[in-house]
């Protein structure tokens, strides 16, 4: 049998399997989506017809009455809302361009493109015209089909960079085959029609709810103003009444119910499409490999989230970023750590969150991962098991470092790209230094004010040494009074006011002391991939000695000698000339004053 005949035979068998899972044919799915979209407008027309019938009934009543007038005005208000919000409003543009990412050309990444073309041929479908790398651990496909999906359009494949970093090559094949399976089953041909339906429904419901909320807020504001005027005139306040529900409120209820019906029907089909695409992936990459990829992807999503929030953004507040290409690419360093690798492996092999009984939403676009894996494991054993030694998916990329750097330039904002790049080894210390410097700014401002007023402005003296000199001259409360005060401290007086001032000064002095200790080399911060992103390295006993020295410095009278000896060295310092030893615990301790 020729390869083409075998391909057709496999496709036919697969189509039969898809039918067995209850996925309607493309024509039926198109008819469902088109019927629901027409039903949306038909519902609006039916509301207008019902209002017209009601007006006719009122006109045939016993003459012109106040009730009839209210009925005419009410029907006119509802009809105007329907016409304006439902029939005359326009969509807010086609937002189906997909997530922002880096397009990859066949010339730039020939091996990845060859792999996608080979998989598309094995699936029996047309390959995408564009491959775009995006942030995250997801993958998706789109097609710019026209004429309600009757005319095929340009196809795009979106591939999460975390998949390229964290998946083995054969599991990436399973992901790609799954996405190409959506093409083969014409799922993407109906994407434009489904998008039009969902966006029209959601925009309408959102607009009606917003108008109803604005109307209710306006009524409450009017009532509050009326009550205020009556109180000012010495009159009793009016009887409080609930806001009157306008036509937008009731129309929102009607169209919300229709939207829920549409989403239930279309998302049920979407979930079946996911099972069908999993069958494609199992045929191409193997049953066990596809199941392993499904288990690994949620773990990669969690690892990517941990990396971005804990490591890539570690120096964000300080205006710092990791080295170029590492904002997304540093995920590989996290995964390569032995402790993290063991944790991720245990998560991938452990029970999935969906395996815990819980209520499932009928509006989910994807079935629970546990159900998809169970469906795959119920398939006959195909005799294919994942190889012991597997290449990482990143091996398909040419010049991956350049790709990751270019992805940053495409995705990150100009404000983010303007931040200073710092090597990983320096990022924790520079981040802490910037934080302590910000915390010490109010204290430095207070010192400058006191120095100018008292004539103490020695040039070239370090900030902490200058501050300690001011404290030795009895200016502790002069400086403390110029620090920002809490509302409670601002209301206090006497001894309580002095204690508030002393506490504020100690907190700011601690920031400056930590900054001085870091600059003097008494301590340092190191990056830790296996635990909290940054950990302090300092000699044993330094934390306790610093807290005790701070207490002496803000005492009455202040004694600055211990803090001088600790941070500036000398015969009185037990840490003079000592290098920080390997870390034994986090420092400063969590209970230390801040």
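What to note about this one:
- Single residue of segment 484-493 satisfying the filter (touching a helix residue (DSSP H, G or I) at 6+ places or on another chain (Cβ under 8 Å) and assigned to a helix (DSSP H, G or I)) that is modelled with the lowest pLDDT: 489
- Residues located in segment 304-324, provided they are part of a helix (DSSP H, G or I) and either free of Cβ contacts under 8 Å to residues at least 60 places away in the same chain or surrounded by fewer than 22 Cβ atoms within 10 Å (Cβ to Cβ) (or both): 305, 306, 307, 308, 309, 310, 312
- Of the residues making up segment 30-54, those that are surrounded by 15 or more Cβ atoms within 10 Å (Cβ to Cβ) and more than 37 Å from the chain's Cα centre (by Cα) number 4.
This table checks each residue for (1) within 22 Å of residue 86 (Cα to Cα); (2) in a helix (DSSP H, G or I); (3) under 38 Å from the mean Cα position of the chain (by Cα).
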{"site": "212", "(1), (2), (3)": "yes, yes, yes"}
{"site": "217", "(1), (2), (3)": "no, yes, yes"}
{"site": "235", "(1), (2), (3)": "no, no, no"}
{"site": "243", "(1), (2), (3)": "no, no, yes"}
{"site": "263", "(1), (2), (3)": "yes, yes, yes"}
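- Within segment 415-429, tally of residues that are exposed (fewer than 13 other Cβ atoms within 10 Å of the Cβ) and either more than 21 Å from the chain's Cα centre (by Cα) or at pLDDT 95 or above (or both): 4
- Within segment 1-88, helices (runs of 4 or more DSSP H) holding 3 or more residues that are modelled with pLDDT under 60 and closer than 30 Å to residue 123 by Cα: 3-20
- Scanning segment 548-582 for residues that are on the phi < 0 side of the Ramachandran plot, in a loop (DSSP other than H, G, I, E, B) and either surrounded by 16 or more Cβ atoms within 10 Å (Cβ to Cβ) or modelled with pLDDT of 50 or more (or both) yields 554, 555, 556, 557, 558, 559, 560, 573, 575, 580.
- Flag if residue 300 is closer than 30 Å to residue 212 by Cβ, in contact with a helix residue (DSSP H, G or I) (Cβ under 8 Å, 6 or more places away or on another chain) and part of a helix (DSSP H, G or I): no
- Residue match in segment 245-255 (condition: surrounded by 12 or more Cβ atoms within 10 Å (Cβ to Cβ), touching a helix residue (DSSP H, G or I) at 6+ places or on another chain (Cβ under 8 Å) and not in a helix (DSSP H, G or I)): yes
- Residue 327 fulfils the conditions (1) surrounded by fewer than 22 Cβ atoms within 10 Å (Cβ to Cβ); (2) touching a residue at least 12 places away in the same chain (Cβ under 8 Å); (3) under 19 Å from the mean Cα position of the chain (by Cα) except for a single criterion, (1).
- Residue 223 farther than 30 Å from residue 370 by Cα, assigned to a helix (DSSP H, G or I) and at pLDDT 95 or above: no
- Hey, residue 278 assigned to a helix (DSSP H, G or I), within 30 Å of residue 371 (Cβ to Cβ) and at pLDDT 85 or above or not: yes
- Test: residue in segment 503-512 that is touching a residue at least 12 places away in the same chain (Cβ under 8 Å) and either more than 19 Å from residue 556 (Cα to Cα) or not in a helix (DSSP H, G or I) (or both): yes
- You will find that of 520, 496, 545, the residue that is at pLDDT 90 or above, surrounded by fewer than 21 Cβ atoms within 10 Å (Cβ to Cβ), farther than 17 Å from residue 446 by Cβ and out of contact with any strand residue (DSSP E or B) (no Cβ under 8 Å at 6 or more places or on another chain) is 545 and no other.
- Residue satisfying all of: in segment 530-542; surrounded by 18 or more Cβ atoms within 10 Å (Cβ to Cβ) and in a loop (DSSP other than H, G, I, E, B); modelled with the highest pLDDT among these: 533
- Number of the exception - residue 302 against (1) modelled with pLDDT under 95; (2) more than 25 Å from residue 178 (Cα to Cα); (3) under 14 Å from the mean Cα position of the chain (by Cα): (2)
- Within segment 179-200, the residues that satisfy the criterion of being closer than 20 Å to residue 33 by Cβ and under 24 Å from the mean Cα position of the chain (by Cα) are 195, 198, 199.
The values are calculated or read from the model by the stated rules, or taken from the named source; none is laboratory data. None of these values were measured; they are calculated from a predicted model. Virtual Cβ from ideal backbone geometry, glycine too; neighbours counted across all protein chains shown.
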